[in-house]
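For reference, the structure is listed below as structure tokens.
The values are calculated or read from the model by the stated rules, or taken from the named source; none is laboratory data. None of these values were measured; they are calculated from a predicted model. Cβ placement follows ideal geometry from the backbone for every residue including glycine, while neighbour counts extend to all protein chains displayed. Side chains included, ligands, DNA and RNA excluded: accessible areas come from the protein's heavy atoms. Shrake-Rupley method; radii C 1.70, N 1.55, O 1.52, S 1.80 Å.
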Amino acid sequence: MAGSERADAARNRAAILAAAADLFDRDGAEQVSMNDIARAAGVGKGTLFRRFGDRTALIEAVLYPRVAAMLARVEHGPPPLGPGGEPVAALHAYLDSLLDFVWTNRTLIRALEHHGPRAYYSNPSSRYWIGELDRRLAAVRPGENTDYLAHVLFTALRADVVDYLVSGRQMDPERVRTGLHRLAGS
């Protein structure tokens with residue numbers, strides 16, 4: 001079968017992803033080296049780089065199933081986060097879900113936020129999150145152009161901003177959540 005992954009390659013990939021996720025979640029992406037990941041996965045550093053190419057690709061591979069799970073909840077989950085919720089409740093649930101996702105994955109997201117001047121806004125996941133935010137804002141504010149507000153709110157959800165407010169300024173996460181709801185005007 002062309003394109004099939006060998007069993008040992010699949011095991012190595014799974015071991016690398018599991019080790020990377022565990023180390024990134026426990027120690028923070030900025031503290032974990034590729035050597036640390038290779039050692040924890042029981043593979044050589046060369047295997048790690050052949051499999052993922054670079055640190056950015058590995059971080060994206062660790063984030064991918066988490067993004068996919070959130071996307072599934074947004075598109076197919078129960079209201080108010082999933083389809084069919086009352087507009088204000090749906091907007092709040094979405095903002096809350098984005099905030100929780102950013103907080104949980106902040107070190108991984110921060111590692112990707114600065115890959116160019118538009119990296120935070122132009123990657124496919126961000127474009128989806130912004131578009132969905134715009135759609136939900138428009139449902140709450142019919143007839144208004146909500147594109148700008150969607151981008152402002154998404155900027156307020158940057159991992160570096162959220163981490164600074166909660167960790168650096170010791171701001172209660174519920175205060176951040178309330179602020180997002182107020183910014184949204186709902």
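Taking segment 26-83 and the helices (runs of 4 or more DSSP H) fully enclosed by it, the elements with 1 or more residues that are surrounded by fewer than 18 Cβ atoms within 10 Å (Cβ to Cβ) and of a type in the set (A, V, I, L, M) are at 34-41, 55-76. When Y94 is evaluated against the numbered criteria (1) assigned to a helix (DSSP H, G or I); (2) open to solvent by 30 Å² or more (accessible area, probe 1.4 Å); (3) at pLDDT 95 or above, which criterion, by number, is the only one it fails? Of the numbered conditions (1) assigned to a helix (DSSP H, G or I); (2) open to solvent by 30 Å² or more (accessible area, probe 1.4 Å); (3) at pLDDT 95 or above, the odd one out for Y94 is (2).
Are any of the residues in segment 162-178 under 24 Å from A89 (Cα atoms), over 19 Å from the mean Cα position of the chain (by Cα), surrounded by 18 or more Cβ atoms within 10 Å (Cβ to Cβ) and polar (S, T, N, Q)? No; the residues of segment 162-178 include none that is under 24 Å from A89 (Cα atoms), over 19 Å from the mean Cα position of the chain (by Cα), surrounded by 18 or more Cβ atoms within 10 Å (Cβ to Cβ) and polar (S, T, N, Q). Is it the case that some residue within segment 102-121 is buried (at least 18 other Cβ atoms within 10 Å of the Cβ), free of Cβ contacts under 8 Å to residues at least 60 places away in the same chain and small (G, A, S)? No, segment 102-121 has no match at all.
Are any residues in segment 122-143 within 18 Å of L180 (Cβ to Cβ) and open to solvent by 70 Å² or more (accessible area, probe 1.4 Å), and if so, which ones? Selection gives R135 alone.
Among the residues of segment 10-25, just one is closer than 13 Å to I109 by Cα and open to solvent by 80 Å² or more (accessible area, probe 1.4 Å), namely D25. Pairs meeting the criteria (first residue in segment 165-186 and within 16 Å of D100 (Cβ to Cβ) and free of Cβ contacts under 8 Å to residues at least 40 places away in the same chain, second residue open to solvent by 40 Å² or more (accessible area, probe 1.4 Å) and among the hydrophobic types (A, V, I, L, M, F, W, C), beta carbons under 9 Å, at least 6 apart or on different chains) are M171/L165; R175/L165; G179/L165.
Would you confirm whether any residue within segment 2-11 is on the phi > 0 side of the Ramachandran plot, without any contact (Cβ under 8 Å) to a residue 40 or more places away in the chain and not hydroxyl-bearing (S, T, Y)? Scanning segment 2-11, I find at least one residue that is on the phi > 0 side of the Ramachandran plot, without any contact (Cβ under 8 Å) to a residue 40 or more places away in the chain and not hydroxyl-bearing (S, T, Y), so the answer is yes.
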